[in-house]
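Report on one structure; see the data block that follows.
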Amino acid sequence: MSISWDERTLASSRWFHSGAGPLSITLLRRYDEWRVSTSCAQDHGIHGDEGELQDLPGTLEWQRWDCHDEDSRIRLTPALPSLPVIAKPHTSLSIAPGGNALFYIGIPMDVEIHGECGGSLRKLTSIPSETLSKTWHGDRSAGEVCYSLKTRARRHFDASDWLEHDVIVSVDLHNESQEPFEFERLFLDLGHFSIFTYENRLWANACRIRITESDEEGNDITYDSTPIIPAESGQEVASAREGKTSRSTLRRAFASVIDVIH
Amino acid sequence: MPQWLQDFLATDLPWKILGAAVILIGGVLAVAILSRTALAIFGERLGPQGTMVVKKLIRYIGYAFAFILALNQMGLNLGAILGAAGVAGIAVGFAAQTSLSNIISGFFMIGERPFELGDIIEVDGIAGTVDTIGLLALTLRTFDNRSVRIPNETLVKTQLINVTRHPIRRFNLDIGVAYDENIGHVLKVMQEVAETNLQSLNEPDPLIIFTGFGDSSLNFLLGAWCVQEDYGTLRNTLPRELKERFDKENIEIPFPHMTLAAGKALSPIPVDLISDSESTD
């Protein structure tokens, strides 16, 4: 089932159902409130995409948000996970001095639910389409918690390789140092990635990481404003959480990339 | 104006009282200003507990000093008072050895900063959250919401464990399986359980080791890392998931058992079978 990211309306006592990968989402407008039920079970007992309240199984567990009587608009938007991600390829790859390698990494999206409350859309909740395990970035005294993602780090794009609930991030690594560079894992701070939709797939704007000899000089991550070809004409459906930037201004985040990779 | 008031005003006593009052009020203000200035300069370096102790120290010394000055203003013989205080001080010093020791220990704790307000620590087998830090003692709030006062001297003398100093922590789970099980397979299953647990961190790598041959079981240790906030959840989820997975893989967790022999080490215990008809007779 593919999710529609367009805004829609929902009358009182009506529901609609959508899903992203293993995640199933049911939204209900009932009395003066929005109700959301999520499940990762394969058989959630809901038939059809929308209907009346009496068609829903009574076993659903709901979260509820207050709204006004006349509020009816609702919208789902994709989002990247709230924590940074450490992506580990199944097998490492050595990049020769002066060489570069383009990788595609699929990050399971979160689904944000926005409901109309008092005339304007308000974020109600955010639900991961797939729960990732956690990992630690740093030493045992200081660092930050991240999501861990095992990836095949594919070198070529083939639409059939990707799951519908993945946001495809292209990472172009340039080894500008004099030493071969072993790509074993990659720290990705997701705050500067926007999400675009293109041919029923979700894409993030492309990024390029330059590896140099010294961490203090020039190592950086550069963000494009659009996804890589073939999705460069994709339509933006979610803007970057920490705002758009062409170059990471955070030395910490950027240095982390290098620290972790090395 | 009554005569007694006229007589009173004719002496210098009113001016002395007024002077003493001004000194006391000025002293209180000066202590407040001094306290704030000192904390503004050193507060960050001292930390919350140091701040609290220094604030109290400045206040007590400042008030005592203002009080002595006020007495001096009143015309009392300060030398005699201080002399008496000195003699009394020796006597009090002997009596208050423990309190002084606690105060000095408190300074050591401030310098060392082994914990902060809100940290979870364990002292002498008592674990809890650091609630207040005083000149003489700190107060711990235990997990069942009791308040425990621990003298600073005890903190210096005994082993103190700060549970929440570092952001991540390891949960160790000892587990035994039957001697029939394949050690390699058990290690692999434990690794998979640790990897799929949502609270267990993939890095640092979980510690999974075969710890030895027990009386009734092959023993293993599973040490899974987690962030401090997830520790309680991990303690519940990891053993449950491991048990469920062992059940699925038909890996037996044995209970302690003992082999009995009838005198001769290798001879079995003789067993006589009795038929149903005989046994009911």
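Any read-out appearing in this document is the output of simple, stated calculations on the displayed coordinates, not a laboratory observation. Note that the structure is predicted; figures quoted are calculated from it, not measured. Methodologically, a virtual Cβ is constructed for each residue, glycine included, from the backbone with ideal geometry; neighbour enumeration extends over all protein chains shown.
Points to keep in mind about this one:
- Our summary gives chain B a relative contact order of 12 percent, counting only alpha carbon pairs under 8 angstrom and 6 or more residues apart.
- Projected area averaged over orientations for the range A:1-153, convex hull of C-alpha atoms, nm²: 12.8 nm²
- The orientation-averaged shadow of the Cα convex hull for chain A, equal to a quarter of the hull surface, comes to 15.4 nm².
- For the range B:37-83, alpha-carbon Rg relative to the globular expectation (2.2 N^0.38 Å, N residues): 1.59
- Degrees between helix A:251-261 axis and first principal axis of chain A (Cα, 0 to 90, nearest 10): 70 degrees
- Estimated Rh, the range A:8-77: Kirkwood, alpha-carbon pairs, angstrom: 12.3 Å
- Kirkwood hydrodynamic radius over Cα pairs of chain B, then Stokes diffusion coefficient at 37 °C and 0.692 mPa s, in µm²/s: 126 µm²/s
- Per-q log10 I(q)/I(0), the range B:128-196, q = 0.26 Å⁻¹ (Debye; single scatterer per alpha-carbon; no solvent): -1.23
- The label-point distance for A:S12 and B:A127, in a model that sets each label 7 Å from Cα toward Cβ, rounds to 5.2 nm.
- Set A:K123/B:K243; A:K150/B:K248; A:K134/B:K188; B:K157/B:K243; A:K123/B:K188 screened for pairs whose C-alpha atoms are more than 31 Å apart: A:K123/B:K243; B:K157/B:K243; A:K123/B:K188
- 11 Å beta-carbon shell around A:Y198, net charge (K/R +1, D/E -1): -2
- log10 of Debye I(q)/I(0), alpha-carbon scatterers only, for the protein assembly as shown at 0.06, 0.10, 0.13 Å⁻¹: -0.56, -1.06, -1.34
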